[in-house]
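*Asks:* Have a look at the structure that comes next, please.
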Amino acid sequence: MGSTAYISLKDVVFSRSGRRIFDGITLDIPRGKITAIMGPSGTGKTTLLRLIGGQLRPDSGSVQVDGHEVPRLKRKALYTLREKMGMLFQSGALFTDLSVFENVAFPLRVHTKLPEDMIHDIVLMKLEAVGLRGARHLMPSELSGGMTRRVALARSIALDPELIMYDEPFAGQDPIAMGVLVKLIRDLNSSMGLTSVLVSHDVPESLSICHYACIIADGKVIGAGTPEELKAHPSDQVQQFLQGQPDGPVPFHYPAKDAGQDYGLGGHT
Amino acid sequence: MLDRIASLGRLGLDIVASLGRSGRFLAGVLSGVPRPVTGFPLLVRQIYAVGVLSLAIVVVSGLFIGMVLGLQGYTILSDYGSESAIGQMIALTLVRELGPVVTALLFAGRAGSALTAEIGLMKATEQLSSMEMMGVDPLRRVVAPRLWAGFIAMPVLAVIFSVVGIWGGMLVGVEWLGVFEGSFWGNMQSSVDFLDDVMNGVIKSVVFGFVCAWIAVFQGYDCVPTSAGISSATTKTVVYSSLAVLGLDFVLTAVMFGDF
């Protein structure tokens with residue numbers, strides 16, 4: 001998939017607060033497809049999105065988006081590149097002082113000089129796409145969690161981006177909201193020809209919509225391929241994650257000293 | 001013992017690092033070219049939030065402080081039979097010192113803390129990150145209008161404080177205690193110099209406004225994005241701003257009025 005890769009990470013090393021989060025990660029994300037990046041909590045999945053978006057810089061290695069070497073971009077070029085990216089944050093990150101309509105209109109007002117009636121129409125179309133045209137007058141505080149994410153999704157597609165990154169879109173959602181989001185991600189990808197990157201630890205939902213998936217653990221990619229290839233992956237660690245087994249290569253117990261010592265047994269006086 | 005020395009060193013390094021971050025932050029905020037069409041409405045909204053909404057506390061405080069000055073001044077000056085000098089005493093105290101300083105302290109408590117909490121909460125709820133990812137620099141979009149608003153609103157508030165304070169002093173001195181109105185205003189007019197007193201007071205309030213707004217927006221932007229982090233940043237804003245205002249006031253007073 002090298003020639004059609006929209007995002008390409010090569011030997012990326014990244015540490016924060018003395019902890020190595022990525023230890024030479026290499027990953028290609030194909031153009032026009034949905035790629036799921038999965039892994040246990042705390043493995044740096046959100047950090048990966050921030051590296052792609054240029055909010056963080058790797059210690060070493062290369063992060064390319066659409067042929068641009070993101071860490072080397074100057075501020076202006078980076079901001080121009082970001083206009084082609086949409087990101088759905090876990091919390092939605094709507095501007096709380098603006099209504100639903102104004103939230104979706106925000107990127108249009110900042111980056112375009114469109115007349116007001118055209119902005120009005122585009123915003124309504126984007127809200128229609130997520131099923132919330134009727135909620136345009138509400139304030140973010142009046143929305144449920146699922147609705148917040150749908151508005152945030154409408155906002156992130158307002159400028160018709162080429163890439164959209166979803167940060168844990170299913171976390172904490174009820175089954176209906178989850179179903180809505182799964183449908184939206186799939187429909188938006190096919191109708192707009194987007195490249196979608198989906199970061200999640202919800203295995204069934206992610207595998208049901210993605211074309212490719214990769215699993216990250218311990219700072220490395222431990223498995224990658226189509227959902228079918230992953231399900232047949234020989235690695236025990238991949239299987240433990242996909243099947244949600246409580247014990248395996250990732251142990252149930254946090255590393256501790258010998259139980260006998262902790263309980264005061266074993267000859268200590 | 002070594003641990004204590006080490007922790008002292010660490011504290012020093014933290015302070016220097018924080019100062020460095022705040023300097024870079026300020027450079028980032030001020031380096032942007034202002035865009036009048038988009039920037040002006042944002043600035044007006046922030047001037048309303050930090051300036052107009054602070055008017056009530058500034059006016060009420062100014063009134064009471066002026067009234068107290070009238071009372072105290074009368075009590076002290078009447079011992080020497082010079083209660084007619086009460087007008088100049090009130091005016092000089094207010095325009096030189098109390099106007100800028102008390103307004104800055106009130107400003108830090110009322111508007112500074114609100115700025116810190118607002119920006120900190122925007123950081124905690126990823127609003128600043130989402131803005132960055134939309135290709136909008138939060139330093140220019142969110143922080144710059146708030147910094148400039150503080151800078152503009154503070155001197156105006158300080159002038160209003162002084163004017164209301166003088167009026168409060170007049171209410172007590174002239175209307176209540178019976179000081180002759182002509183000498184109240186006349187003494188004030190002859191002793192208060194526009195450049196030496198009024199303008200120096202305004203310069204003080206400009207400096208205080210800038211420092212208070214800078215501390216407030218930096219603490220919000222730099223805070224740890226948790227509830228405890230925001231709470232600590234808000235506290236730091238009020239404490240640091242108050243100390244900075246009082247310290248700078250001494251320095252500025254020494255420079256402006258210290259003709260020794």
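*Asks:* Which one of A:Asp187, A:Asp202, A:Asp174 is modelled with pLDDT of 85 or more, open to solvent by 20 Å² or more (accessible area, probe 1.4 Å) and farther than 24 Å from A:Asp23 by Cβ?
*Replies:* Numbers: A:Asp202 fails: modelled with pLDDT of 85 or more; A:Asp174 fails: modelled with pLDDT of 85 or more.
After applying the criteria, what remains is A:Asp187.
*Asks:* Continuing with the same structure: Considering only residues that are among the β-branched types (Val, Ile, Thr), assigned to a helix (DSSP H, G or I) and over 14 Å from B:Met131 (Cα atoms), which ones fall in the range A:79-120?
*Replies:* A:Val100, A:Ile119 - these are the residues of the range A:79-120 that are among the β-branched types (Val, Ile, Thr), assigned to a helix (DSSP H, G or I) and over 14 Å from B:Met131 (Cα atoms).
*Asks:* Scan the range A:98-109 for residues that are within 9 Å of chain B (Cβ to nearest Cβ) and either open to solvent by 10 Å² or more (accessible area, probe 1.4 Å) or at positive phi (or both) and jot them down.
*Replies:* Of the range A:98-109, the ones within 9 Å of chain B (Cβ to nearest Cβ) are A:106-107, A:109.
Selection gives A:Phe106, A:Arg109.
*Asks:* Residue check, B:Val224 against (1) of a type in the set (Val, Ile, Thr); (2) within 17 Å of B:Arg21 (Cα to Cα); (3) at pLDDT 95 or above, all met but one. Which one?
*Replies:* (3)
*Asks:* Would you check if A:Ala158 is more than 14 Å from chain B (Cβ to nearest Cβ) and either closer than 30 Å to A:His201 by Cβ or open to solvent by less than 10 Å² (accessible area, probe 1.4 Å) (or both)?
*Replies:* Working: more than 14 Å from chain B (Cβ to nearest Cβ): no; either closer than 30 Å to A:His201 by Cβ or open to solvent by less than 10 Å² (accessible area, probe 1.4 Å) (or both): yes.
It is false that A:Ala158 is more than 14 Å from chain B (Cβ to nearest Cβ) and either closer than 30 Å to A:His201 by Cβ or open to solvent by less than 10 Å² (accessible area, probe 1.4 Å) (or both).
*Asks:* Would you check if A:Leu88 is within 10 Å of chain B (Cβ to nearest Cβ) and closer than 20 Å to A:Cys210 by Cα? Outline the logic, then answer.
*Replies:* Values: within 10 Å of chain B (Cβ to nearest Cβ): yes; closer than 20 Å to A:Cys210 by Cα: yes.
Against the criterion (within 10 Å of chain B (Cβ to nearest Cβ) and closer than 20 Å to A:Cys210 by Cα), A:Leu88 qualifies.
*Asks:* Applying the selection to the range A:126-142, what residues are modelled with pLDDT of 90 or more and part of a loop (DSSP other than H, G, I, E, B)?
*Replies:* A:His137, A:Leu138, A:Met139
*Asks:* Let me ask you something else. So which helices (runs of 4 or more DSSP H) stay within the range B:47-112 end to end and still have 1 or more residues that are within 19 Å of B:Ser241 (Cβ to Cβ), hydroxyl-bearing (Ser, Thr, Tyr) and in contact with a Leu (Cβ under 9 Å, 6 or more places away or on another chain)? Walk me through how you get there before you give the answer.
*Replies:* Working: elements: B:55-79, B:86-92, B:99-107.
Helices (runs of 4 or more DSSP H) meeting the threshold: B:55-79, B:99-107.
*Asks:* Does B:Val192 fit the bill of being over 26 Å from B:Leu30 (Cα atoms), in contact with a helix residue (DSSP H, G or I) (Cβ under 6 Å, 6 or more places away or on another chain), free of Cβ contacts under 8 Å to residues at least 40 places away in the same chain and open to solvent by less than 60 Å² (accessible area, probe 1.4 Å)? Before you say what the answer is, go through the steps one by one.
*Replies:* Details: over 26 Å from B:Leu30 (Cα atoms): yes; in contact with a helix residue (DSSP H, G or I) (Cβ under 6 Å, 6 or more places away or on another chain): yes; free of Cβ contacts under 8 Å to residues at least 40 places away in the same chain: no; open to solvent by less than 60 Å² (accessible area, probe 1.4 Å): yes.
So B:Val192 fails the test.
*Asks:* Of all residues in the range A:180-215 being of a type in the set (Ser, Thr, Tyr) and over 18 Å from A:Ala5 (Cα atoms), which is nearest to the chain's Cα centre (by Cα)? Explain how you work it out, then say what you get.
*Replies:* Let us first name the residues in the range A:180-215 that are of a type in the set (Ser, Thr, Tyr), namely A:190-191, A:195-196, A:200, A:206, A:208, A:212.
Now narrow it down to the ones that are over 18 Å from A:Ala5 (Cα atoms): A:191, A:200, A:206, A:208.
Details: A:Ser191: 20, A:Ser200: 7, A:Ser206: 11, A:Ser208: 16 Å.
Top of the filtered list is A:Ser200.
*Asks:* OK, next. Anything in the range A:161-171 that is in a loop (DSSP other than H, G, I, E, B) and either at pLDDT 85 or above or open to solvent by less than 20 Å² (accessible area, probe 1.4 Å) (or both)? List them, or say none.
*Replies:* Filtering the range A:161-171 for residues in a loop (DSSP other than H, G, I, E, B) gives A:161-162, A:168-171.
Across the range A:161-171, the qualifying residues are A:Pro161, A:Glu162, A:Glu168, A:Pro169, A:Phe170.
*Asks:* When you look at A:Val123, is it in a helix (DSSP H, G or I), of a type in the set (Val, Ile, Thr), farther than 16 Å from A:Ile52 by Cβ and modelled with pLDDT under 90, yes or no?
*Replies:* Numbers: in a helix (DSSP H, G or I): yes; of a type in the set (Val, Ile, Thr): yes; farther than 16 Å from A:Ile52 by Cβ: yes; modelled with pLDDT under 90: no.
Against the criterion (in a helix (DSSP H, G or I), of a type in the set (Val, Ile, Thr), farther than 16 Å from A:Ile52 by Cβ and modelled with pLDDT under 90), A:Val123 does not qualify.
*Asks:* On the basis of being out of contact with any helix residue (DSSP H, G or I) (no Cβ under 8 Å at 6 or more places or on another chain), assigned to a loop (DSSP other than H, G, I, E, B) and not small (Gly, Ala, Ser), does A:Lys76 make the cut?
*Replies:* no
*Asks:* When only residues in the range A:35-67 that are free of Cβ contacts under 8 Å to residues at least 24 places away in the same chain and within 14 Å of chain B (Cβ to nearest Cβ) count, which is farthest from A:Ile222 (Cα to Cα)? Full working, then the answer.
*Replies:* Restricting attention to the range A:35-67, the residues satisfying the condition of being free of Cβ contacts under 8 Å to residues at least 24 places away in the same chain are A:42, A:50, A:55, A:57, A:67.
Imposing the further condition that a residue be within 14 Å of chain B (Cβ to nearest Cβ) reduces the set to A:50, A:55, A:57.
Working: A:Arg50: 20, A:Gln55: 25, A:Arg57: 23 Å.
This residue is A:Gln55.
*Asks:* Return yes or no: is B:Ala144 of a type outside the set (Lys, Arg) and away from chain A (no Cβ under 14 Å)? So that I can check it myself, show each step before the final result.
*Replies:* Values: of a type outside the set (Lys, Arg): yes; away from chain A (no Cβ under 14 Å): yes.
For B:Ala144, the condition - of a type outside the set (Lys, Arg) and away from chain A (no Cβ under 14 Å) - is met.
*Asks:* Could you list all residues from the range B:207-221 that are open to solvent by 40 Å² or more (accessible area, probe 1.4 Å) and touching a Phe, Trp or Tyr at 6+ places or on another chain (Cβ under 7 Å)? Quick ask: steps written out before the conclusion?
*Replies:* Of the range B:207-221, the ones open to solvent by 40 Å² or more (accessible area, probe 1.4 Å) are B:207, B:210, B:214, B:221.
Within the range B:207-221, B:Phe210, B:Tyr221 qualify.
*Asks:* If you check B:Gly135 against the conditions, is it within 14 Å of chain A (Cβ to nearest Cβ) and closer than 18 Å to B:Gly39 by Cα? It would help to see each step written out before you state the result.
*Replies:* On the way: within 14 Å of chain A (Cβ to nearest Cβ): yes; closer than 18 Å to B:Gly39 by Cα: yes.
In short, yes.
For every residue, the table says whether it meets (1) of a type in the set (Lys, Arg); (2) at pLDDT below 90; (3) open to solvent by 30 Å² or more (accessible area, probe 1.4 Å).
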{"position": "B:Gly70", "(1), (2), (3)": "no, no, no"}
{"position": "B:Ser78", "(1), (2), (3)": "no, yes, yes"}
{"position": "B:Leu98", "(1), (2), (3)": "no, no, yes"}
{"position": "B:Ala108", "(1), (2), (3)": "no, no, no"}
{"position": "B:Leu147", "(1), (2), (3)": "no, no, no"}
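*Asks:* Which one of the conditions (1) more than 8 Å from chain B (Cβ to nearest Cβ); (2) under 22 Å from the mean Cα position of the chain (by Cα) does A:Val123 fail to meet, given that it meets all the rest?
*Replies:* (2)
The values are calculated or read from the model by the stated rules, or taken from the named source; none is laboratory data. Predicted model only: the values in this text are computed from it and were never measured. Positions of Cβ are backbone-derived with ideal geometry, glycine not excepted, and every protein chain shown enters the neighbour counts. Note: areas computed on protein heavy atoms with side chains; ligands, DNA, RNA excluded. Shrake-Rupley method; radii C 1.70, N 1.55, O 1.52, S 1.80 Å.
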